[in-house]
Amino acid sequence: MKKVDKYYKYRSLNSSGTLSLLLRNEIFLASPDRLNDPFDCRIYVRFEDCTENEILSMFSNQAKMMNPNIDNERADELARQQFRDNNHKSDFFINHMRGLFYESLNSKFGMASFSTIRNNVLMWSHYADSHKGICIGLDTDQLALWMEQKHHEGVEIRPVEVKYSTKMPYLNPCKHPDAEIIYKSITSKSSNWRYEKEFRIIGYGIPNQAFELPQGCIVDVTMGALIPKSDEENLKSIVRGRKDKIKLYRSFMNNNGYGLKIKREDY
């Protein structure tokens, strides 16, 4: 994973999540099914490629996970019973197993998405209220220290870099470890989204939860080129009221091309 200095979060000022981040340093880790891309975290898990013995082994392992006190013989018996009740090559079975995998992701993982750039016209349009919102900059070194502290507290939160491809990845769940399939799922997106240059913070076992970041993680805020005057004044009041001193910037539309320039702003 490449090293970057800052993560940027494009936000509308009308969102409660924006105010939580600015006023209380709260960051929300959403489950994958709350993301805006319907293909997100839904790579092609090819259960149809599994053999009969591989399916039986999978069922047996699942039985032992759900019933830790049973022995291998009983787990194998339950697996054979489940196998007899299902045609493992049928569309119903394959879609059912794939659905269980997606449900597992949604129940076990939370994530927050960021970009490595703050001057992308499309992202200002899509995520920052058509350039009337803001872009919040977070220091990655400070975030790393926070994640390390959470690790010592027993909470696993890690950064990942999103990889883009024209073809959806697919994996055989019987030949690839669960960790590999999960990692591929949460880091793969269509190349249509490449312009976002996305990094994510992933929380393990903590979907749809908010966490308070320490002082020093938020280092700057950039105002959109079309931010209303009243919102600008409210934002400056919030920034002035913070305990830490963060930098304020404003984006401007270029006069001679399709782009934005960023300038430091006093407050």
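Just so you know, all these numbers are worked out from the coordinates, no wet-lab data involved. Here the structure is a predicted model, which means the values were calculated and not measured. Using ideal geometry, Cβ is built from the backbone for each residue, glycine included, and neighbour counts are taken over all protein chains shown.
The residue of region 224-248 that is nearest to TYR10 (Cα to Cα), among those that are touching an Asp or Glu at 6+ places or on another chain (Cβ under 6 Å) and not in a loop (DSSP other than H, G, I, E, B), is LEU248.
Per-residue answers, yes or no, for (1) surrounded by 15 or more Cβ atoms within 10 Å (Cβ to Cβ); (2) part of a strand (DSSP E or B); (3) under 16 Å from the mean Cα position of the chain (by Cα); (4) among the charged types (D, E, K, R):
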| residue | (1), (2), (3), (4) |
| --- | --- |
| GLU180 | no, no, no, yes |
| ILE186 | yes, no, yes, no |
| LYS189 | yes, yes, yes, yes |
| ARG194 | no, no, yes, yes |
| ASP220 | yes, yes, no, yes |
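When VAL239, VAL219 are screened for being touching a Phe, Trp or Tyr at 6+ places or on another chain (Cβ under 9 Å), closer than 14 Å to LEU22 by Cβ and hydrophobic (A, V, I, L, M, F, W, C), only VAL239 passes.
Per the listing ILE55, ILE43, ILE70, the residue uniquely β-branched (Val, Ile, Thr) and in contact with a strand residue (DSSP E or B) (Cβ under 6 Å, 6 or more places away or on another chain) is ILE43.
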